[in-house]
Each structure stands twice: as C-alpha cells, then as structure tokens.
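Okay, structure first, notes after.
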Amino acid sequence: MNSILERVNLVCQNVRSMSKNPITFKKLIASTRKEFKDRDIDLSIKTKKDKNLSDGHFYVEAFYDAEDDFNGDTPIEVFMYHNFSDTNLFEKPQVTDILIQLFDAVTHELKHQEQSRKRNYRVFSEHVTEPYSKYLADPDEVDAYAFSIAIELLRHMPKDRAELYMSKLTVLGKIKRANALVSPILASYIGEFKNNPILVRLSKKVYKNLKVIDTSLIFK
C-alpha cells in the first residue's frame, strides 16, 4: 500500500511545487494530468462545471473498471465537479485542497485496482443501482475505505493517537479540525451502520492500515 501512496504523493508534490503562484484551474488540471501520465499512472481526469454548487466549491468522484484494465484501456476515471469561474486564481492553499481530494480519490481507486489484479480481474459486484449501505458493506469497499480512512486520520493526527481511538470509533467519527470532520468516510460508515458488525470489520482493517502506512507518504 505504501507503493500506492508513494506514487500518488510524488505526483501531487510535483504539481504543487511546479505550479506558478497563483494558477488558473485550467492550468492546474493540465499540469496534474501531465504529471500522472509522466509517472505512468493510467487515469483520466475530467472536469465539469456544476452551477448548483456554491461559488468556488468542488468535489471529486472516481471509478475503477476491471474490464478496461484487463483490456489495456484506461481503467480509472476521475471526475471533478466544480463551480469555478474562468478567472479564478488559486494560491498554494487552494491548490493543496484540490490535490488532497485528487490524492484521496486516486489512492482509493488504485487500491481497487490492486484488489482486482490479485484475483485476475474478476468482478464480484456492481454498485451502480445498489443502496448506499449495501455499497459500503461490499467487502472490496470495506477494504478500500479502511485504507482511505487511515489516510484521513493520519493526515490530521499522530499515528499512536489514531490507533488509541480505534476502540472509540463513534467518538473518532465526530472529531473535527477547522470545523471539518477528520474522517468524513468514517462518519458515513457510522451513520449507516451504527452498531452493525461491519463497523468491527472496518475498525480492524483501519487499525491494520494505521500500523503499516508510512505517514511521510500522505499528501497534505
């Protein structure tokens, strides 16, 4: 898993360091696409303006396709929905915010790619029409989101503190930094499952990830 973090962290660090300050959204995305390509991470990044979002807001979604991966096509698609104007100029803090979301999305999908390749690209489920709770309960998602949750936690707190809180999962899911949840993904799981055994499985996997992740490789 550290190899996944290392590759994507290097991309994000390079984009941030090479970005002229300030930079337009268009140039930032172009630079990011080029850096992923140069680092042989096969994905596409697409942007779409969504006027329903508040001015200047954005969010990222990403998807991995095992069939495309098997066929040698681009297996990961990243979509950034935003409400940026063409004249928006981003300083380093805003650039970092965007790259953090890209880092988290891409590492999650690369985890899915790792799962898929280990089982020779067999697909066990489709999530398109499933309820959100069933999607989160899927074993692949529990595994991949445990990785993502560990990343979120280690971005905001020391490893030993994060490990200590694993026995107090509901408390951990409510912790905030700068008025934002430390781990929105964990909060989603707690909201969906409460005392469900799925949380026990998730907690064990998060703890395992916390033990082995190299915190220096988490982009922040």
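Exposure proxy for R16, R33, R122: other Cβ atoms within 10 Å of each Cβ, ordered fewest to most, give R122, R33, R16. Annotated for segment 2-118: lysine pairs at least 8 residues apart or interchain, Cα distance under 17 Å, count 15. Measure out, as a whole number of angstrom, how far apart the alpha-carbon centroids of segment 189-220 and segment 16-79 sit. Between the Cα centre of segment 189-220 and that of segment 16-79, the gap is 26 Å. When V78, V200, V142 are sorted by how many other C-beta atoms sit within 10 angstrom of their C-beta, beginning with the fewest, the order is V200, V142, V78. For segment 39-48, the Karplus equation 6.51 cos²θ - 1.76 cosθ + 1.60, evaluated at θ = phi - 60°, returns couplings of 9, 6, 9, 7, 8, 10, 10, 10, 10, 9 Hz by residue, with Gly and Pro reported as x. Listed by chain and number, the lysines placed with their C-alpha closer than 17 angstrom to that of K174 are K194; residues fewer than eight positions away on the same chain are left out. For E6, the shell of other residues with beta-carbons less than 11 Å away shows a net charge of +1, using +1 for Lys and Arg and -1 for Asp and Glu. Counting 0.36 nm for each residue step from L89 to Q13 and taking away their Cα separation leaves a gain of 25.4 nm. Over the chain, Cα pairs under 8 Å with separation of 6+ residues give a relative contact order of 22 percent. The helix-only estimate of mean residue ellipticity at 222 nm for the chain, built from DSSP H runs of length n ≥ 4 each weighted as -39500 (n - 2.57), is -17500 deg cm²/dmol after division by the residue total.
Bear in mind these aren't lab numbers, they're just calculated from the coordinates by the rules spelled out. Treat the numbers as computed from the prediction; the structure is a model and nothing was measured. Note that we place each Cβ from the backbone using ideal geometry, even for glycine, and neighbour counts take in every protein chain shown.
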